[in-house]
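Visitor: Sending over a structure as structure tokens; questions will come in a sec.
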Amino acid sequence: MLDRPSLTEALNAVKARFGAIDVLDYFPAPHSPVPGITMAAPSEVTVDNLQPQIEYNFYGAVAAARTVLSAMREAGAGTLLFTTGGGSINPNPMLGNVSAAAAALRNWVLNLHNELAGSGVYAAHVAISAWIGDGGPEGIPAATPAQIAPPVLGALRAPRPARGSFHRLIPPRYVCSPPRAANTPPSPPLPSPP
């Protein structure tokens with residue numbers, strides 16, 4: 001994600017070997033320390049600790065999308081899926097710089113979705129408001145992939161809305177709200193996984 005030329009090269013290699021990319025899922029979620037990537041409370045955010053988060057979360061997504069988007073537009077079909085933490089929607093003070101970068105990505109994705117309306121290409125944002133697996137920061141709810149997958153996949157299989165929507169995973173029940181069209185009330189949450 002920090003090495004955008006390598007990311008672009010890898011996606012181009014995938015296209016060369018397997019053909020067109022129909023779905024791009026961009027999910028910048030380090031589970032081990034990444035040099036220069038730190039968390040900071042909003043009052044502690046500086047350009048120096050925010051810029052790496054923007055590079056990691058946002059600029060990598062833009063580079064990945066640009067690598068596959070023209071072919072998707074030409075084909076008239078494709079899905080661009082961008083996943084972030086829940087702080088992109090409901091910020092957590094201990095993740096002030098992370099949430100700001102994720103919110104920038106979310107805003108761009110929703111705007112991209114609106115631009116692509118009617119093209120057959122769909123852009124969506126998924127916010128997972130839980131640390132996936134063990135070892136997350138204290139105070140952040142955790143969930144297993146098995147708890148997260150059913151509601152996220154269920155929402156992704158729902159009919160595509162006409163305008164800028166997103167899927168949101170909410171702790172601690174780990175439910176996912178299905179996408180909704182603009183100017184419609186929110187749908188009730190799906191049942192929690194057992």
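The values are calculated or read from the model by the stated rules, or taken from the named source; none is laboratory data. This structure is a prediction, so every number in the text was calculated from the model and none was measured. Please note: Cβ atoms are built from the backbone with ideal geometry, for glycine as well, and neighbour counts cover all protein chains shown. The protein model used for the area step is the full one, side chains on, heavy atoms only, and it has no ligands, DNA or RNA in it. Shrake-Rupley method; radii C 1.70, N 1.55, O 1.52, S 1.80 Å.
Visitor: What distance in nm lies between label points placed 7 Å from Cα along the C-beta direction at Ala41 and Ala146?
Guide: 3.8
Visitor: Which distance in nm do the two modelled labels at Glu115 and Asp22 give, with both placed 7 Å along the Cα-to-Cβ direction?
Guide: The modelled label-to-label distance comes out at 2.5 nm.
Visitor: How far apart, in nm, are two points set 7 Å out from the Cα along the Cα-to-Cβ line at Ala75 and at Lys15?
Guide: 1.1
Visitor: Using protein chains only and a probe of 1.4 angstrom, how many square angstrom of Ile140 are accessible, to the nearest 10?
Guide: So the heavy atoms of Ile140 present about 40 Å² to solvent.
Visitor: Leaving out ligands, DNA and RNA, and with a 1.4 Å probe, what % of the accessible surface on segment 30-142 is carbon or sulfur?
Guide: On the way: 2870 of 5200 Å².
Within segment 30-142, the accessible surface is 55 percent carbon and sulfur.
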